[in-house]
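The values are calculated or read from the model by the stated rules, or taken from the named source; none is laboratory data. Computed from a predicted model, the values in this text were never measured in an experiment. Cβ atoms come from the backbone with ideal geometry, glycine included; neighbour counts cover every protein chain shown. We work out accessible area using only protein heavy atoms, side chains counted, and drop any ligands, DNA or RNA first. Shrake-Rupley method; radii C 1.70, N 1.55, O 1.52, S 1.80 Å.
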Amino acid sequence: MKKNKFRWLVSTALLSSLMLAACGGGESDDGGGDTDNGESAEGNGETYEWRFVTEENDGQVQYEYAEEFANRLEEKSDGQITMDVYEFGGLGSEVDQVEQLQSGAVEFAIVSPGFTGTMVEEGQIFALQFLLPDDQEVTHELLNTSEALNDDLAALYEENNIKPLSFWTEGAMQWTGNSELTEPADFEGFKMRTQDSPLIQESYKAYGADPSVMSWGELYSGLQTGTVDGQENPIFFIADASFHEVQDYMTISNHNTYVAMTTVNPSFYDGLPDDIKGIIDETVEEMRDVGFELQDDLNNELLSEIEDNEENPTEVTELTEDQRDAFRELAIPQRDFYRENAGDQAGEILDKLESEIEEIQGE
C-alpha cells in the first residue's frame, strides 16, 4: 500500500514537472546541443551504459530521483544512454559507494555530505543545526543558487575526484527516540545514532547525548534492540524504513535539513562529448524542482500515516519556538567548532553561506 501511494505521488510530481517544461516551449529539440564538429547526440552513433548508486531503496526519494534521472537521459538521447540504478547495499555501504565513484567504478552517485565528513571536512557544514532556513522552499532556493556551496564547497569535492552537480533537500530532519525528546535534558546519556561526521557527533554531545556512528542498513535492528536509543531523518525516511514502529516517540524538531548531492566522477564527465554533457546538465536542472516536489509530497503524506498508525502507535510532538530556541542556543556555538576543526576553508565558506542566508531571507 505504501509503495503504491509513493508511485502515485511520484507520478503527480513528474506530471507537474512535464507540464511546466511544456509551458517553457520550443527548447527541447536543442537540449543536447551539438558537438564542435556538428554531430548531434543522435548522430554520433556511440552508446553509453552507466551506473547510478543511491543511499536509499526503491520507493524512497533518492532512488526515485535516480530512476527519473535515468529515464530522462535515455529519452533525451533516443536510447543512446542507459543507466542502471542501484538501491542502497546493491554495491556496498555508503562509504563503499563513495569510493566506487572516486575510482570510476560507477559514474554517478547520490551522496550525503555526512558520509564524506572525514574526507572533505568542510562538507560538514550541513551538520550545523539551526543554520539553514526553516522554510524548505527557501532552503531549496538557497541550495540552487549558493556560491558558497555550488562553487567553493563543490571545488573541494572535485579535488577528491567527486563532482557535485547539484545540492538538494530531502526535507527537514526530525528526531525519533525510545523516550521523549523535547528539551536538551532529554538527551542526557541518550545513545544517538549519527553519520560518520565529527561535527554531527559534536553537535549531539553539546546536548548531552552519547553519539554512535552506524550505517542506516543496521539502524532498524539497532533501534529495535536498544543498541542505539534514537536517530534523525526526514519523515519520509522514518516512515518507509519503519523506524517509527520500533520507537515510541517522534519529535517534529525541524532542527536541520537533510541535504543530498547528485554527483559524478569528474574524469568520466570531463571526457564526454559536449552534446552528452549538455543532456546531463539539462537533466540536472530539471531534476531540481522534481526532487523538491517528491520529498515535499512524501514527507507531508507520511506524517499523517505515522500519526494514524494504531497498530504501532508513535507519540508525535512538535516543538514550540521556545523549545527550539533552547536547542538553538546550544547548537550555535558549534559553528565555531566547524570554523576551527572542519578544514582550511571552513570559516570562509560558512561566512559566505551565512551572508547568503541573510540575503535570501531578506534580513
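Remarks
- Taken over the stretch 296-333, the criterion of being surrounded by 17 or more Cβ atoms within 10 Å (Cβ to Cβ) and either more than 28 Å from residue 243 (Cα to Cα) or hydroxyl-bearing (Ser, Thr, Tyr) (or both) is satisfied by 314 alone.
- Matching residues in the stretch 308-328 - criterion: being acidic (Asp, Glu) and under 24 Å from the mean Cα position of the chain (by Cα): 318
- Yes/no for residue 159 being over 29 Å from residue 226 (Cβ atoms), surrounded by fewer than 23 Cβ atoms within 10 Å (Cβ to Cβ) and under 15 Å from the mean Cα position of the chain (by Cα): no
- Residue in the stretch 308-318 that is part of a helix (DSSP H, G or I), without any contact (Cβ under 8 Å) to a residue 60 or more places away in the chain and out of contact with any strand residue (DSSP E or B) (no Cβ under 7 Å at 6 or more places or on another chain) present: no
- Qualifying residue in the stretch 100-123 (condition: in a helix (DSSP H, G or I), at pLDDT below 95, surrounded by fewer than 17 Cβ atoms within 10 Å (Cβ to Cβ) and acidic (Asp, Glu)): no
- Residue list for the stretch 53-69, filter: buried (at least 20 other Cβ atoms within 10 Å of the Cβ), touching a strand residue (DSSP E or B) at 6+ places or on another chain (Cβ under 8 Å) and in a helix (DSSP H, G or I): 61, 62, 63, 65, 66, 69
- Strands (runs of 3 or more DSSP E) wholly inside the stretch 203-291 that include at least 3 residues being touching a residue at least 40 places away in the same chain (Cβ under 8 Å) and farther than 25 Å from residue 46 by Cα: 230-233, 249-252, 257-264
- Residue pairs whose Cβ atoms lie under 7 Å apart, sitting 6 or more positions apart in sequence or on different chains, and linking a residue in the stretch 48-73 that is over 15 Å from residue 287 (Cβ atoms) to a partner that is of a type in the set (Asp, Glu) and surrounded by fewer than 18 Cβ atoms within 10 Å (Cβ to Cβ), are 51/84; 57/87; 58/87.
- Residue check for residue 197: in contact (Cβ under 8 Å) with a residue 40 or more places away in the chain and of a type in the set (S, T, N, Q): yes
- If the condition is being more than 16 Å from residue 141 (Cα to Cα) and without any contact (Cβ under 8 Å) to a residue 24 or more places away in the chain, then the stretch 349-362 contributes only 351.
- Some residue of the stretch 74-88 being over 30 Å from residue 331 (Cβ atoms), at pLDDT below 90 and open to solvent by less than 50 Å² (accessible area, probe 1.4 Å): no
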